[in-house]
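Please read the structure below before turning to the comments.
The values are calculated or read from the model by the stated rules, or taken from the named source; none is laboratory data. Everything numeric in this text was worked out from a predicted model, so none of it was measured. Methodologically, a virtual Cβ is constructed for each residue, glycine included, from the backbone with ideal geometry; neighbour enumeration extends over all protein chains shown. Each accessible area value is taken on the protein alone, full model and side chains, heavy atoms only, with ligands, DNA and RNA left out. Shrake-Rupley method; radii C 1.70, N 1.55, O 1.52, S 1.80 Å.
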Amino acid sequence: MTDAQTPAGLLIDRVSKDLGGRTIVSDMQLEVHAGELTCLLGPSGCGKTTTLRMIGGFLQPDAGAILIDGSDISRLPPEKRPTAMVFQNYALWPHMTVFKNVSFGLRLRKLPKAEIRERVENVLELVGLTHHIHSYPARISGGEQQRVALARALVLEPKVLLLDEPLSNLDAKLRVRVREDIREIQQRIGITTIFVTHDQDEALSLSDRIAVMSGGRVEQYADPRTLYRHPATHFVASFVGAMNFYTGTLGGDGFRLAGGAQVPVDSLSSRTPGEYEIGVRPEDVTVSSNGDGGAEASVVREIQRGHYKELVLDVGGDEMRAFVAPDLPAVDRLRVRFSRGVLYRDGVLQEQSESPVAVR
Ligand SMILES: Nc1ncnc2c1ncn2[C@@H]1O[C@H](COP(=O)(O)OP(=O)(O)OP(=O)(O)O)[C@@H](O)[C@H]1O
Ligand SMILES: [Mg+2]
């Protein structure tokens, strides 16, 4: 590994940006460890691309600083930054071969011909495209084009790799394959990477950590499992994965939904009785047909999802979604309990430090 490739940390230090009279990124704080892949995940317009453009130097922050390896790069022009960006639409030059496309940045830097060739060959080997070195972009597949775009960024040996929705032009199957390729390459060379996406599935399967953004702010920055199991806010809980939400009352007998049904809960983020909003993942809704003490539910609809079955239930007037085994026999009535729930008040997770206890 050359010095330029030694993993570098990235710090976004209280960065804000206004555009068109609106605050697009607001006092953003994010520390990305060296060699990690972080996804910026959030709905359209939440400021992901704006953040990425500030890291890459295509936009100046109004306030705050961006540091790579401890040095402030916020005032450097893009070409002076140790960053490289891959765009959604690849932006390959159609009239140039793969070699010419990938070597473009190095030719601009006027590196010796032999070094250019060696670096291009190495990076094409890394992304598995050696055999297409003389092909034109139009003659290779979408997935291969995206790997050329990746090679064109990596050949510059950036310390931080920036990817803006790099898979959105690919069909569903290819997306999964190329994202696995990207992750594999990223881990192999250990490059610090910021990956922008609005696809939660992509973020969960790729990331060391995910920054969930909303309205120019980071709502939560955590590893995929923590994000999924302990969503810090209602927004994160609803944006990442499916979640049933109910307002109601936690008491000794379980959680009473607004409609009146009393649902036993096995494990909760907090056990302090009171009014809450509860979030329950569909896979944490446990159903049984032999009536062992859960709340009564009627089955409104069954949806076969392949490796699981989704049940739409009516529980005392409240709708509930449950993911169950695909071969569960069809029935009209069931009993439900929650094997796990997270409690929110004013949209914020209520969590106790002790291990969750059963409430029956
Ligand atoms: N140059 C600009 N002038 C004014 N407003 C802008 C400018 N660039 C972006 N915006 C606005 O800033 C907001 C955030 O844009 P940004 O591109 O960062 O969102 P995003 O999270 O990347 O969304 P998407 O998922 O749709 O790509 C949007 O409302 C956008 O219209
Ligand atoms: Mg964007």
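Computed values, structure above
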{"quantity": "Max mean-square fluctuation residue, GNM over the chain, Cα-Cα springs under 10 Å, options V178, V148, V160", "calculated": "V178"}
{"quantity": "Nearest-10 value in Å² for the accessible area of M28, using the 1.4 Å probe", "calculated": "0"}
{"quantity": "Residue among T286, V324, S270 farthest towards the positive dipole end of segment 242-350, charges placed on Cβ", "calculated": "S270"}
{"quantity": "Probe 1.4 Å, all protein chains present, accessible-area order of F245, F338, largest first", "calculated": "F245, F338"}
{"quantity": "In degrees, nearest ten, helix 98-108 long axis to first principal axis of the chain (Cα)", "calculated": "70"}
{"quantity": "Whole-Hz ³J(HN,Hα) from phi, Karplus 6.51 cos²θ - 1.76 cosθ + 1.60, for segment 270-278, glycine and proline x", "calculated": "8, 10, 5, x, x, 8, 8, 9, 9"}
{"quantity": "Between helix 142-154 and the chain: long-axis angle, C-alpha atoms, 0 to 90°, nearest 10", "calculated": "60"}
{"quantity": "Antiparallel bridge percentage (DSSP; both residues within segment 3-237; nearest 5)", "calculated": "50"}
{"quantity": "C-alpha long axis of helix 113-126 to longest principal axis of the chain, angle in °", "calculated": "20"}
{"quantity": "Theoretical ellipticity at 222 nm over the chain - DSSP helices of four or more residues, -39500 (n - 2.57) apiece, nearest 500", "calculated": "-7000 deg cm²/dmol"}
{"quantity": "Assigned charges on the beta-carbon of Lys, Arg, Asp, Glu; segment 91-146 dipole about Cα centre (debye)", "calculated": "320"}
{"quantity": "Computed over the chain: relative contact order in percent, which uses C-alpha pairs under 8 Å that are six or more apart", "calculated": "16"}
{"quantity": "Lysine pair count for the chain [Cα-Cα under 26 Å; pairs on different chains or 8 or more apart]", "calculated": "16"}
{"quantity": "GNM flexibility winner over the chain from H198, H307, H230 (Cα, springs under 10 Å)", "calculated": "H307"}
{"quantity": "Relative contact order computed over segment 242-350 (Cα-Cα under 8 Å; 6+ residues apart), in percent", "calculated": "32"}
{"quantity": "Full-stretch length increase - E310, E351 - with 0.36 nm per residue and alpha-carbon distance subtracted", "calculated": "11.9 nm"}
{"quantity": "In Å², nearest 10: area of L67 left accessible to a 1.4 Å probe", "calculated": "40"}
{"quantity": "Heavy atoms of R345: accessible area, 1.4 Å probe, square angstrom to 10", "calculated": "100"}
{"quantity": "Rounded to the nearest 20 debye, dipole of segment 222-347 from Cβ charges on Lys, Arg, Asp, Glu", "calculated": "240"}
{"quantity": "Total charge dipole magnitude, the chain, about the Cα centre, Cβ charges on Lys, Arg, Asp, Glu only, Debye to nearest 20", "calculated": "1220"}
{"quantity": "Simple label model, 7 Å out from Cα along Cβ direction - S288 to T249, nm", "calculated": "2.6"}
{"quantity": "Accessible area in the full protein assembly, largest first, 1.4 Å probe, for S74, S205, S168", "calculated": "S205, S168, S74"}
